[in-house]
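Chemist: Quick one: this structure, given as structure tokens, is what I'll be asking you about.
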Amino acid sequence: MAKRDYYEILGVSKGASAAEIKKAYRKKAIEFHPDKNPDDKGAEAKFKEAAEAYEVLSDGDKKARYDQFGHQAFENGGGGFGGGGMNMDDIFSQFGDIFGGGFGGGFSGFGGGGGQRRVKGSNLRIRVKLTLEEIANGVEKKIKVKRKIQAPGTTYKTCSTCNGNGQVTRITNTILGRMQTSAPCNACGGAGQTIDKKPADADAQGLKVAEETVSIKIPAGVVDGMQLKVSGKGNDAPGNGISGDLLVAIEEEDHDTLQREGDNLHYDLYVSYPDAVLGTSKEIDTVTGKVRIKVEAGVQSGKILRLRGKGIPSINGYGKGDLLVHVNVWTPKTLNKQQKEFFEAMRDDEHFSPKPESSDKSFFEKVKDMFS
């Protein structure tokens, strides 16, 4: 089933401000919250759907990618929810400030109103170089990543300061009376657990560095600088925490003969003067292999041959770009005596006099066609 538009889910316009997006999400979260809709799977699904929409639209970078590429920008590990969705604990821990005070306290012990929170491990960032062929066809890369994992043998115990609640309550006397406030426990960082035992090679949080091979599915049509996300493949968090994410920055390698421009590709084809006059066929590069194209007799330098669908697939899934072949007639710089005599004889010949036709477009018309 196709995903609904994130703006439609929250009921805001594309030009909505960050404050309007946050307000709309809070309204939806309260409406469909599990505490208000016990055992209602439909409400739970809408609650998660709203959280997913807010997770993207509240982040400037993700919002920009969504506005440009739609849902496909976050598929195949491309960010957002990584295709797997968040569980309820993830939502409460990530957006606790949204829920705080909405029902006079925390929601079932989660969120900002109180209770133990899930600590999330730090994210890792890597760069992956892709050839134009890999970008055009999509690719699965296996990358070795050094990440922090929970060291085998590490055990945890309930925090004695907060008794596992993750929160400590303070009572303060003010001119308005006694005020009770809650804050994350400093001893355990709000996790509700502290280390009981750990091996010698573990750090203070019970973690150690290990190398892991991570499989990254990269969709066709990605662009240089785009950032994908592989959920849960960053550093582990101590105790019952949530693993961070692996952020993958795309780096596009230069191609020997092809130049990319959006979803279109450009190829410079050089033909000799005799080939331009008599016509020929030439083998050229594409991202799916070599193809042979026909060059008509009398072709003019600057002619653009368009090979439809031979470009890069759209990241949105809306077809493919084209391969634009730019014909360049190579004029010889040195001639022997016989060749010079031939061209001298042809200098005033009517067949060699320029006679542009209506089909021979100007340079500016050709540039316009390239972008049409």
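The values are calculated or read from the model by the stated rules, or taken from the named source; none is laboratory data. Computed from a predicted model, the values in this text were never measured in an experiment. Note: ideal-geometry Cβ built from the backbone for every residue, glycine included; neighbour counts use all protein chains shown. Each accessible area value is taken on the protein alone, full model and side chains, heavy atoms only, with ligands, DNA and RNA left out. Shrake-Rupley method; radii C 1.70, N 1.55, O 1.52, S 1.80 Å.
Chemist: Any residue in the stretch 190-213 that is in contact with a Ser or Thr (Cβ under 7 Å, 6 or more places away or on another chain), closer than 30 Å to Val139 by Cβ and surrounded by fewer than 16 Cβ atoms within 10 Å (Cβ to Cβ)?
Modeler: There is no residue in the stretch 190-213 that is in contact with a Ser or Thr (Cβ under 7 Å, 6 or more places away or on another chain), closer than 30 Å to Val139 by Cβ and surrounded by fewer than 16 Cβ atoms within 10 Å (Cβ to Cβ).
Chemist: Against the condition free of Cβ contacts under 8 Å to residues at least 24 places away in the same chain and either open to solvent by 80 Å² or more (accessible area, probe 1.4 Å) or in a strand (DSSP E or B) (or both), how does Arg292 come out, does it pass?
Modeler: Considered against the rule, which asks whether it is free of Cβ contacts under 8 Å to residues at least 24 places away in the same chain and either open to solvent by 80 Å² or more (accessible area, probe 1.4 Å) or in a strand (DSSP E or B) (or both), Arg292 comes out as yes.
Chemist: In the set Lys340, Lys355, Lys310, which member is in a loop (DSSP other than H, G, I, E, B), among the charged types (D, E, K, R), without any contact (Cβ under 8 Å) to a residue 60 or more places away in the chain and surrounded by 10 or more Cβ atoms within 10 Å (Cβ to Cβ)?
Modeler: Going through Lys340, Lys355, Lys310 in turn, the sole match is Lys310.
Chemist: Restricting the stretch 244-264 to residues that are in contact (Cβ under 8 Å) with a residue 60 or more places away in the chain, acidic (Asp, Glu) and part of a loop (DSSP other than H, G, I, E, B), which is surrounded by the fewest Cβ atoms within 10 Å (Cβ to Cβ)?
Modeler: Applying the filter and picking the extreme gives Glu253.
The rows are residues; the columns are (1) at pLDDT below 95; (2) surrounded by 11 or more Cβ atoms within 10 Å (Cβ to Cβ); (3) in a strand (DSSP E or B); (4) over 44 Å from the mean Cα position of the chain (by Cα).
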site	(1), (2), (3), (4)
His266	no, yes, yes, no
Tyr270	no, yes, yes, no
Ser301	yes, yes, no, no
Ile315	yes, yes, no, no
Val327	no, yes, yes, no
Leu335	yes, yes, no, yes
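Chemist: Determine, yes or no, whether Arg170 is touching a residue at least 12 places away in the same chain (Cβ under 8 Å), open to solvent by 80 Å² or more (accessible area, probe 1.4 Å) and closer than 30 Å to Asn264 by Cβ.
Modeler: no
Chemist: Continuing with the same structure: With respect to Thr161, is the statement that it is assigned to a strand (DSSP E or B) and open to solvent by less than 90 Å² (accessible area, probe 1.4 Å) true?
Modeler: Answer is no for this residue.
Chemist: Let me ask something else about it. Could you list, in sequence order, the residues of the stretch 43-68 that are farther than 17 Å from Lys23 by Cα and acidic (Asp, Glu)?
Modeler: Glu44, Asp61, Asp67
Chemist: Return the pairs, sorted by first residue and then second, in which the second residue is surrounded by fewer than 19 Cβ atoms within 10 Å (Cβ to Cβ) and of a type in the set (Phe, Trp, Tyr), the first residue lies in the stretch 20-37 and is farther than 16 Å from Glu52 by Cβ, the beta carbons are less than 7 Å apart, and the residues are 6+ apart or on different chains.
Modeler: Asp35/Phe103
Chemist: For the stretch 272-289, name all the residues that are touching a residue at least 40 places away in the same chain (Cβ under 8 Å) and exposed (fewer than 13 other Cβ atoms within 10 Å of the Cβ).
Modeler: Matches in the stretch 272-289: Thr288 only.
Chemist: Name every residue in the stretch 230-263 that is over 17 Å from Gly138 (Cβ atoms) and under 18 Å from the mean Cα position of the chain (by Cα), in order of residue number.
Modeler: Ser231, Gly232, Lys233, Gly234, Gly244, Asp245, Leu246, Leu247, Ala249, Gly262
Chemist: Is it the case that Lys142 is farther than 24 Å from Glu20 by Cα, among the basic types (Lys, Arg) and either open to solvent by 40 Å² or more (accessible area, probe 1.4 Å) or modelled with pLDDT of 80 or more (or both)?
Modeler: For Lys142, the condition - farther than 24 Å from Glu20 by Cα, among the basic types (Lys, Arg) and either open to solvent by 40 Å² or more (accessible area, probe 1.4 Å) or modelled with pLDDT of 80 or more (or both) - is met.
Chemist: Which of (1) over 30 Å from Ile312 (Cα atoms); (2) touching an Asp or Glu at 6+ places or on another chain (Cβ under 6 Å); (3) charged (D, E, K, R) does Arg127 not meet, given it meets every other one?
Modeler: Of the numbered conditions (1) over 30 Å from Ile312 (Cα atoms); (2) touching an Asp or Glu at 6+ places or on another chain (Cβ under 6 Å); (3) charged (D, E, K, R), the odd one out for Arg127 is (1).
Chemist: Then there is this: If a residue must be at pLDDT 75 or above and assigned to a loop (DSSP other than H, G, I, E, B), how many such residues does the stretch 164-188 contain?
Modeler: So the count comes out to 7.
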